[in-house]
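These notes concern the structure reproduced below.
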Amino acid sequence: MKKIAALSFFLCLLISCTSKPKKAGVFNVLPAPQEFAITGVSDLSANTLKTYYLEGEAKLPIMGNILKHLTAAQTAADADIVLTLDANLEVKPEGYTLAISDNKIALKAKDDAGLFYGIKTIAQLVEDATEQQVNLPLCSIVDYPLLAYRAIHLDVKHHLEKTDYYYALIDKLASYKINAIIAEMEDKLGYERQPTVASADALSIDEWKKLSDYAHARNIEISPLIQGLGHASFILKHPEYQDLRDNLESDWAFNPLDPKTYEVQFDLYLDAIAATPHGKYLHVGGDEVHTTGRNSGKTALELQLIWLGKVSEFAEAHNRIPIFWDDMPLKQADVYDPMFKPEMTQKEVDSVWNENEHKLTAFLDKFPKNCIYMRWNYSSPEALGNTKAMQWFRTHDFKVMGATAGQTRWVLMPQEESNMENIRAFAVSSIESDLNGLLLTLWDDDSPHFELYMRGIIAFAEYTWAGDKRSKSAIKTAYRHREFSNTLADASYAFIDDLEKPAAFWKNALLKGNKRNYLPKMENALSDGVIDLPNKTNKGTWTEKYKDRLEKAALWLESTDSIAFKIKDMKAMAVRNTYALDVYDQVNAMSHFAPKTLLALQTYDAATNPTEELAAVKNLMELQEEFKSLRKNFETVYAKTRILEKPKDYMLDQDHHAHLANQAVNFDWQFKAEMLFFDKLTKHLEDALYLESSGDLKK
């Protein structure tokens, strides 16, 4: 017996010495939990997770694709994951605790939302374990949001995505714990009470309701934004409504003293409310407008507050909380500028307010108390003037919420590191000021692809949920990890910040100054908008004139070449979201083309004999064919999710703010500068006797 026991001990020792230790993985939860402690590696792998048990009266949350295979166990002891709802759990609303032991996952949540978000965290951990072929970590998590309302802006005024994209987007937003959408519908809702307003491609009320229901099941509340008073071109451009204009020559603003204004606006509100049955808010817009009430003698501030009072009363009567952009009363009272001058001291800010605050307080009883005054600031939320304005509203018992931006008027793609620093600053100040929430605006004015907004959305999700826990570089790492693969988290795969610069250069590279957004309204865009071309009889002067631009072109050409190789490698390695990389690839190709064209013009300008000149001209004409191919590829990729063309009978408005995406019913607006450039180049080469009038190269 002693020999057998000794042999048994030896075998056990041998097995323990030769068995491989459990491999630890890299787990990157996004947004970061408030507390996350990893103490080792569990015995649980993604493959061993089979069952769940729901304790008490909890409602089973939507599991999502990663955990949808789980089945219900008969008892908690039999389950791999135990879900518990505990209203007394000591975390904030939407919070949860998560503990992974050797063979079980215990998720406790404060409420249904917390249970849902706990599942989303488990899904991220399982996704990481599966991808790295490791077991789940032994860990404990305590988690909850620091801002209750974490909303993104879905602006569809200039184009729609294919409907499937919106459903997939809702799933992704939910996975990052975004809990609200403000949908700026304009004419993309199929209004039934005022059908003239609706675009022919608008989603019906029922289609919007289905999206709203889908979002609600994933703890996302959709509320509508229906622009009013100003930004009303989508309504007032139609002949049927022209008599409601404040200025009969402009489709921008309603006359706030005409009762029919409210008949129309309230009809639109009713349909929008019906389309978003789970919404808490009705965003009424109200920004960037100056009205006279047909020269009524009332001040713009009086007229603004008359309108705001009526629409706020309507919202309350229909169980919605009105949200109002707060800029115009502040402008009309001359206290606006300090909000965008972070260099101003507190003394300087106070001086402006001391001089002008009476202009607001004179109408204090006209400001609706049921309204949320949304203080939007996309560039300087840290400015003392911004804080002062928000304090003024709160001091007078008005509700306040902030709005930051992941996209403003940037063309092709967002800039400034996806505006991360300003998102961080406004989120932090909102948390410190104990505000209810924050909105991330994503304007469609110049209409970059929505996939390009995701890094900014993820930064917003991080800062509004977790606060200022991680550095920008750490959030960028988490973005690459979660969106593409843990193998692409390394900084060597970072390219977006590098792409921002050539994309910004592309905007006006072939133009005279900042003209891209204004080309359609120029009387002679070829001569006044498009860049000058080399003079055949005065060689070298063009190169000297554009020396600085050509230096940048050479730099960005090299940069976009490098980015192209990096994106190619990433697409080969990514395990998810390769479509986003396809979109970035097209942006990079477009950004590459402009400097390439400038350098081809430099070669033409430098040609010293007919043979060199002819070769340079041939190269320029080949570039025109290359551009056609580039455009085709660009449209093919974008069209996988985006509806590129407006309906054939779509009526463009007066385009008061020069929105690129508002300047053509087809996708020409994206390429107008390049199209005009080649028109000018063709005429130039014909005049120089290099081309036939047919556009063929002369022999």
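The values are calculated or read from the model by the stated rules, or taken from the named source; none is laboratory data. Owing to the predicted nature of the structure, the values given are computational and were not obtained by experimental measurement. For neighbour counting, all protein chains shown are included, and Cβ atoms are generated from backbone atoms with ideal geometry for every residue, glycine included. For accessibility, only protein heavy atoms count, side chains too; no ligands or nucleic acids. Shrake-Rupley method; radii C 1.70, N 1.55, O 1.52, S 1.80 Å.
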In segment 641-671, whose amide N lies under 20 Å from the spot 7 Å out along Cα-to-Cβ of Ser204? List them in ranges.
647
Taking protein heavy atoms only, a 1.4 Å probe, and rounding to whole percent, the accessible area of the chain owed to carbon and sulfur comes out at 52
Please state the equivalent ellipsoid semi-axes for the chain: what are the square roots of 5 times the Cα gyration tensor eigenvalues, largest first, in whole Å?
47, 39, 23
Loop only per DSSP, at most 16 neighbouring Cβ atoms within 10 Å: give me the trypsin sites (Lys or Arg not before Pro) in segment 573-625, ordered by residue number.
Arg576
How large is the translational diffusion coefficient of segment 539-639 in µm² per second when you combine the Kirkwood radius over alpha carbon pairs with Stokes-Einstein at 20 °C and 1.002 mPa s?
141
Note down the magnitude of the dipole of segment 242-352 about its Cα centre, charges +1 on Lys and Arg C-beta and -1 on Asp and Glu C-beta and zero elsewhere, to the nearest 20 debye.
240
Count the lysine pairs in segment 245-394 that are 8 or more places apart or on different chains: how many have C-alpha atoms under 17 angstrom apart?
15
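Which whole-number value in Å² is the accessible area per residue of segment 359-487, probe 1.4 Å?
28
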Size of electric dipole in segment 279-319: Cβ of Lys, Arg +1 and of Asp, Glu -1, about Cα centre, debye, nearest 20
120
How compact is segment 159-239 by the rule of thumb for globular proteins, expressed as Cα Rg over 2.2 N^0.38 Å?
1.17
Quick check: convex hull over the Cα atoms of segment 497-568, volume per residue in Å³, rounded to an integer?
115
What does the accessible area per residue of segment 519-643 come to in Å², with a 1.4 Å probe and no ligands, DNA or RNA counted?
49
Say each of Asp287 and Lys547 gets a label point 7 Å from the Cα, pointing the same way as Cα to Cβ; how far apart are those two points in nm?
4.2
Quick one: in segment 623-699, what % of C-alpha pairs are over 18 Å apart?
56
Filter the GluC sites (Glu not before Pro) in segment 520-569 to those in DSSP coil with at most 15 other Cβ atoms within 10 Å of their Cβ, and list the result.
Glu523
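Counting other Cβ atoms within 10 Å, which GluC sites (Glu not before Pro) in segment 251-347 have at most 12 and lie in a DSSP loop?
Hits after loop and neighbour filter: Glu343.
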